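The values are calculated or read from the model by the stated rules, or taken from the named source; none is laboratory data. Since we're looking at a predicted model, the values are computed, not measured. Don't worry about glycine lacking a Cβ; one is built from the backbone with ideal geometry, like all the others, and counts go over all protein chains shown.
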Amino acid sequence: MLRRRHNDGKVVKITIDGEAVDARAGESVAAAVLAHASGATRTTPVSGAPRASYCMMGVCFECLMEIDGEPNRQGCMVRVEEGMSVRRQQGARDMERAS
Amino acid sequence: MPDQTAPGNFDVAVIGGGMIGPALSLGLLERNLKVCILDEGDDVLRVARGNFGLVWFQGKGFGMPRYVEWTRRSATLYPEFAAELKEHTGVDVGHANPGGLELLLGEEELAHRQRYIGQIYQQGGGKEYEVEFLDRKQVEEMLPGVGLGEDVVGASYSPIDGHVNPLFLLRAMHTRFQQAGGTYLPHHRVSEVRKNGGAYDVVTEKGIVSAAKVVIAAGHGLRELGPPLGLDIPIRPQRGHILVTERTKQILPMPISSFRQTVEGSIMLGVSAEEAGYDDTINTGTVAKIAERAARTIPALRHLNIVRTWAALRVLTPDKCPVYAESETHPGIYAVASHSGVTLAAVNAKVASGWIAGDPAPEQFDAFGVERFDAQKTA
Amino acid sequence: MSAPAYDIAIIGAGPAGMAAAHEAVNVGLKVVIIDEQAAPGGQIYRDVERVAMERRHDLDVLGADYKYGYGLVDGLQASSVTHLAGHTVWQIERNGTVWCSDGKIAKQVDAKRVLLATGAMERPVPVPGWTLPGVMTAGAAQILMKSAGMIPDGPIAICGSGPLLLLIADQLVRAGAKIAVVAETTSFTDYLRAAPHLLRALKGADYLRKGIAMRRRLKTSGVRIVSGISDLRITGSDKAEGVSYRVGGSVKSFAAETVLLHQGVVPNTQATRQLRLEHIWHEQQHYWYPKTGQNGSTEAEAIYIAGDGAGINGARAAEAAGRLTALEIACSLGKISRADFDLKSPPWFSELDHHQSVRPLLDAMFPPPKEILNPPDDATLVCRCEEITAGDVRKAAKLGAPGPNQLKAFLRAGMGPCQGRMCGLTVTEVLAAAHGKSPADIGAYRIRPPLKPLSLAELADMETGDGDVTLASPSSGP
């Protein structure tokens, strides 16, 4: 679990698994999710093992998340935007977009 | 460790560790022959790794009914072959035989396919040929939940078609080969085969391997090795591209000639044909065309990410049919070449191996010799 | 074919890329810089502009070396460089064609020369438990400080080796994080091994001074620093709960909610591998780096490399190398003469020399430990994506897999979304050990496009010229 050292940044309202969350402008989606809760940010499509962000620089692909209905996006490479909907993925994605 | 130097004499030295060599070798080992596979290093032209994984019947054997029979025979033997591999090695090669489709976009493609399939049927003397045509509605029923693009007018379908995980097949064959006492020799690139008394010396980068019989199952390597041994077979490379998506939930219940969902969930997309010599680099234009057709056929594929593309070089004969030939000038040297190493793996292991061991040739083989290319040359 | 739109396409807006862009524009070249991040700076100067403008409190924590990057970013933004931010490069061709994507549309960028400034990544650290949530690279924690002003809440264990390890520990302490332990795999023998390099490193004495000061500061602020640890394990079932390791013959364990791993950085070779450039094995630091010639040139006429992507030398050396490579490119395009090059280059050569001089010492002081290179425990995951263990790799080696590419075929290792970035080095090492060969003889994964996944839609909607290709298999008919 992460915490913000200062809370003076501009608030960006997003949802994480449907829950309203205040993120801060400039943060990546992965950072916002890590600050929201500890533990897994997805489970793997291979064995269902719990995983979370590892490298934060777009290399490891552990922070794959569903962002605005689009699965398997690298959460560390996308900045939060007002109204964004983020979901932690369970296993393999669906072929269709979620919404 | 399998990486040792030229150990002793073998009954059969098989050149090539791809799809064909190991399959033949498994059959040879069952006859208690001493067999080695001579393979190259890690980063070479690996046709066997560029496979799509189809065990495919429909559309093969144009102009050669014997190839239709041979393919059918392999598809029929596959369940037993896959079961044996699993029993011995624990590796499930993922063989399934749910039938297969070739989806047709537009009336023109449909008419073309009907003509082509009809000709293969006629060439077989109007005997049994298990391919039928489905209209769009029938295809939709076969692929529930898969939204077809507007251009899809129908498909050709064969219940004989199926698929397999080609990588696991390769691993299972290699595992079984070593379990059954075969000797696998990587880093043994072969430069030459020489007659030495009643046997042959196979000259490799690591020394000489002696064997009574030699099978050249070396893909494009046959172009170099064959001619001095009386096996001048006009194979050529044809570049094919494959795209692979990320893993997704299971959606395709059966293989489609240009899409196949693996047991792991990724969808493979093909297929292309290009004349590019031995250049196996990726052509972005080709990748784009495959993607465009895939999106036209099943629009939902547009959402999936492509994680990998690759290009491999098919081993193609002028008539696209396989070669099984024993040299006339060098008896005991065999050439086996085909772009359908996956489809033919079962029949290679179960039947073609016997021919190398000394059984009479299967009746189909009079069509698979090298003479047909001489005829084409003079024609 | 029309002339390429740009003289240079620079891939990556870190120190090497930014400096190269600056230098290239100065000599009149038309430059495009393509970068995956939303803002320039690379990982080392990540978000430095925003921190300098809006989050000055974080600037104090991150320090002067970080703040230095603001000058480079500022310079880039004031220049006439075309900056494609948020664009991921997914294929590079040897002729200078670069394919990239903004996440929605795939684009083709044509340039006479391509300068790869793709930098480094942290060496993957395969130890038992390294895939548990709560385990991150030390660099990831630093990126979180830079990009979001975030620090781990709850006790942190920082484990591994390398100059960055202590720097990050120091930054975290200053940021108010709670550190349970800093456990170094480096031992006294590593320091001894480094001694002969001390003399050369004196030229880079400022690096050494900073390192010593950092260690002292950490100790005085009460951080527990342990050296010479081995057998590192992360405990926990659904997330990290602590670490254990062996030191001086006994096993120690500490509770920690966050475990930060670090074993130095290695060149990011995905692009250079995709281009099939020749690579060389770094015997001491156990990584691959692409072979470069004069000032970043390569065997491919249109392709150049600068910065840590060509071998690890650090940010300041990367900056100098970026400038030199830009000048070399200008020379190759006839934009400046060799005499001009000789006039402009000396300050950058001496800068490069200064910042490179400490490297042999660092390389000798911080060798990656054997248990990280070739995980002894068969159950340790090597390929995180496909969940392939060290034991699986050893079994495939016994089966005869001579190298990583055959292994990939056998196991699917390296076939997941990260495309071998996280397992490539380990797979090479494990195979090398199993076959009793040098990693140099074992080789590496072949890397194919796309360098990063992109949607089928982007590929399908691309406009490419009509090649001589048919969409048909041999069974589709004539």
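Within segment C:276-300, the residues that satisfy the criterion of being touching a helix residue (DSSP H, G or I) at 6+ places or on another chain (Cβ under 7 Å) and either in a helix (DSSP H, G or I) or buried (at least 20 other Cβ atoms within 10 Å of the Cβ) (or both) are C:Q285, C:H286, C:Y287, C:Y289, C:P290, C:T292, C:Q294, C:N295, C:G296. Residues in segment A:58-70 that are at pLDDT 95 or above and within 11 Å of chain C (Cβ to nearest Cβ): A:G58, A:V59, A:C60, A:F61, A:E62, A:C63, A:L64, A:I67. Residues that are more than 30 Å from A:G91 (Cβ to Cβ) and within 14 Å of chain B (Cβ to nearest Cβ) within segment C:355-411 comprise C:A397, C:K398, C:G400, C:P402, C:G403, listed in sequence order. Exactly one residue among C:D74, C:D35, C:D47, C:D60 is acidic (D, E) and on the phi > 0 side of the Ramachandran plot, and that residue is C:D47.
Comparison of C:Y45, C:Y68 shows that the only residue that is under 24 Å from C:G311 (Cβ atoms), more than 10 Å from chain A (Cβ to nearest Cβ), surrounded by fewer than 21 Cβ atoms within 10 Å (Cβ to Cβ) and at pLDDT 95 or above is C:Y68. Got at least one residue in segment C:27-41 being assigned to a helix (DSSP H, G or I) and either among the small types (G, A, S) or within 20 Å of the chain's Cα centre (by Cα) (or both)? Looking through segment C:27-41, none of the residues is assigned to a helix (DSSP H, G or I) and either among the small types (G, A, S) or within 20 Å of the chain's Cα centre (by Cα) (or both). The residue that is surrounded by the fewest Cβ atoms within 10 Å (Cβ to Cβ), counting only those in segment B:283-338 that are more than 9 Å from chain C (Cβ to nearest Cβ) and of a type in the set (S, T, N, Q), is B:T329. Filtered by the rule that a residue be surrounded by 12 or more Cβ atoms within 10 Å (Cβ to Cβ), out of contact with any helix residue (DSSP H, G or I) (no Cβ under 8 Å at 6 or more places or on another chain) and in a helix (DSSP H, G or I), segment C:171-201 gives no residues.
Evaluate segment C:419-429: report whether one residue or more is assigned to a helix (DSSP H, G or I), more than 30 Å from B:G285 (Cα to Cα), out of contact with any strand residue (DSSP E or B) (no Cβ under 9 Å at 6 or more places or on another chain) and facing another protein chain (nearest Cβ under 7 Å). Walk me through how you get there before you give the answer.
At the first step, the residues of segment C:419-429 found to be assigned to a helix (DSSP H, G or I) are C:424-429.
So of that shortlist, the ones also more than 30 Å from B:G285 (Cα to Cα) come out as C:425-429.
From the residues that got through so far, the ones that are out of contact with any strand residue (DSSP E or B) (no Cβ under 9 Å at 6 or more places or on another chain) too are C:429.
Okay, now just the ones that are also facing another protein chain (nearest Cβ under 7 Å), so none.
Within segment C:419-429, none of the residues are assigned to a helix (DSSP H, G or I), more than 30 Å from B:G285 (Cα to Cα), out of contact with any strand residue (DSSP E or B) (no Cβ under 9 Å at 6 or more places or on another chain) and facing another protein chain (nearest Cβ under 7 Å).
Set side by side, the residues C:V393, C:V469 differ, and just one is free of Cβ contacts under 8 Å to residues at least 40 places away in the same chain and of a type in the set (V, I, T), which is C:V469. So in segment C:422-469, with the set limited to residues that are surrounded by 19 or more Cβ atoms within 10 Å (Cβ to Cβ) and of a type in the set (S, T, N, Q), which one is farthest from the chain's Cα centre (by Cα)? Only one residue fits best here, namely C:S455. Output the residues belonging to segment C:71-106 that are surrounded by fewer than 15 Cβ atoms within 10 Å (Cβ to Cβ) and of a type in the set (D, E, K, R). Correct list: C:D102, C:K104. For segment B:252-292, taking the residues that are closer than 22 Å to A:E70 by Cα and charged (D, E, K, R), the one that is farthest from the chain's Cα centre (by Cα) is identified as B:E292.
Let's see how each residue does on (1) closer than 30 Å to C:L471 by Cβ; (2) away from every other protein chain (no Cβ under 13 Å); (3) of a type in the set (A, V, I, L, M, F, W, C); (4) not in a strand (DSSP E or B):
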{"position": "B:E150", "(1), (2), (3), (4)": "yes, yes, no, yes"}
{"position": "B:A155", "(1), (2), (3), (4)": "yes, no, yes, no"}
{"position": "B:T175", "(1), (2), (3), (4)": "no, no, no, yes"}
{"position": "B:Q178", "(1), (2), (3), (4)": "no, no, no, yes"}
{"position": "B:Y200", "(1), (2), (3), (4)": "no, yes, no, no"}
{"position": "B:I208", "(1), (2), (3), (4)": "no, yes, yes, no"}
{"position": "B:A212", "(1), (2), (3), (4)": "no, yes, yes, no"}
{"position": "B:L222", "(1), (2), (3), (4)": "yes, yes, yes, yes"}
{"position": "B:L243", "(1), (2), (3), (4)": "yes, no, yes, no"}
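Cβ separations smaller than 6 Å between residues 6+ apart or across chains give the following pairs from segment C:432-451 residues that are within 9 Å of another protein chain (Cβ to nearest Cβ) and among the aliphatic types (A, V, I, L, M) to residues that are crowded, with 22+ Cβ neighbours inside 10 Å and assigned to a loop (DSSP other than H, G, I, E, B): C:I442/C:G403.
Can you name the number of the only condition in (1) aliphatic (A, V, I, L, M); (2) farther than 30 Å from B:E132 by Cβ; (3) at pLDDT 95 or above that B:A48 fails? B:A48 satisfies all of (1) aliphatic (A, V, I, L, M); (2) farther than 30 Å from B:E132 by Cβ; (3) at pLDDT 95 or above except (3).
Residue-by-condition table, conditions (1) farther than 18 Å from C:L232 by Cα; (2) free of Cβ contacts under 8 Å to residues at least 40 places away in the same chain; (3) crowded, with 24+ Cβ neighbours inside 10 Å:
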{"position": "C:D353", "(1), (2), (3)": "yes, no, no"}
{"position": "C:S357", "(1), (2), (3)": "yes, no, no"}
{"position": "C:L362", "(1), (2), (3)": "yes, no, no"}
{"position": "C:M365", "(1), (2), (3)": "yes, no, no"}
{"position": "C:K370", "(1), (2), (3)": "no, yes, no"}
{"position": "C:V382", "(1), (2), (3)": "no, no, yes"}
{"position": "C:L399", "(1), (2), (3)": "yes, yes, no"}
{"position": "C:Q406", "(1), (2), (3)": "yes, yes, yes"}
{"position": "C:R412", "(1), (2), (3)": "yes, yes, no"}
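Restricting attention to segment B:245-268, which residues are under 25 Å from B:C321 (Cα atoms) and facing chain C (nearest Cβ under 8 Å)? Hits for segment B:245-268 are B:S257, B:S258.
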